[in-house]
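One structure below.
The values are calculated or read from the model by the stated rules, or taken from the named source; none is laboratory data. Predicted model only: the values in this text are computed from it and were never measured. Here Cβ is always computed from backbone atoms with ideal geometry, including for glycine, and neighbour counts include all displayed protein chains.
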Amino acid sequence: MEFYVEGRSRAAKYVETLLPSMLAQLNLTRSRKLLHIKLDPELEDLGTTVPLTGIDTYLVVLRPCKDLLALGATLAHELTHVAQMARGTLKITKKGRKWNGRYYRKDYPYLDQPWEIQAFAQQEIVLRRALEA
């Protein structure tokens, strides 16, 4: 998977350093899609992932922070969502999300969403392995 990190900040360089290991861990290195990562201080959430299907790209937007470990954990979390979408396990629809063939409405409780449970479970392991690489 090719990637592009928008920006020249310390946080952007940190993200670029972690990406090769995280992509390998999540089995995304052979993907033909592009990964565009944008650091946006105006983002309300810590991070978000949006598939841009028309141009075969995943857009990951992260809110940069001084705590690089927190930024790395958010990156690992969002890349888990990229992996879920790349495998077809998670699909984004106008009505909500489809996980393993089951639809979940947009108002389904955040911490009960199975894709979020999986991402939270993996983020720390993915981050620690990337830091050791």
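Structure notes:
- Inter-residue pairs, beta-carbon under 8 Å, first in contact (Cβ under 8 Å) with a residue 40 or more places away in the chain and in the stretch 31-42, second assigned to a loop (DSSP other than H, G, I, E, B), 6+ apart: S31/M1; K33/M1; K33/D56; L35/M1; L35/L28
- In the condition set (1) under 13 Å from A76 (Cβ atoms); (2) free of Cβ contacts under 8 Å to residues at least 40 places away in the same chain; (3) of a type in the set (F, W, Y), Y14 is compliant with all but (2).
- Complete set of residues in the stretch 108-133 that are touching a strand residue (DSSP E or B) at 6+ places or on another chain (Cβ under 8 Å) and either assigned to a helix (DSSP H, G or I) or not aromatic (F, W, Y) (or both): Q113, P114, W115
- The set of residues in the stretch 104-133 being of a type in the set (A, V, I, L, M), closer than 25 Å to D40 by Cβ and free of Cβ contacts under 8 Å to residues at least 60 places away in the same chain consists of L111, A119.
- Filter pass, T49 being in contact with a His (Cβ under 6 Å, 6 or more places away or on another chain), under 23 Å from P109 (Cβ atoms), modelled with pLDDT of 95 or more and not acidic (D, E): yes
- Residue, modelled with the highest pLDDT, within the stretch 1-26, restricted to residues that are in a loop (DSSP other than H, G, I, E, B) and in contact with a helix residue (DSSP H, G or I) (Cβ under 7 Å, 6 or more places away or on another chain): L26
- Identity of the residue in the stretch 35-82, aliphatic (A, V, I, L, M) and over 21 Å from S9 (Cα atoms), that ends up surrounded by the most Cβ atoms within 10 Å (Cβ to Cβ): V82
- Candidates E78, E116 - the one that is in contact with a Phe, Trp or Tyr (Cβ under 7 Å, 6 or more places away or on another chain) and of a type in the set (D, E): E116
- Candidates T48, T74, T29: the one that is among the polar types (S, T, N, Q) and in a strand (DSSP E or B) is T48.
- Members of the stretch 79-103 found to be among the β-branched types (V, I, T) and without any contact (Cβ under 8 Å) to a residue 12 or more places away in the chain, listed by number: T93
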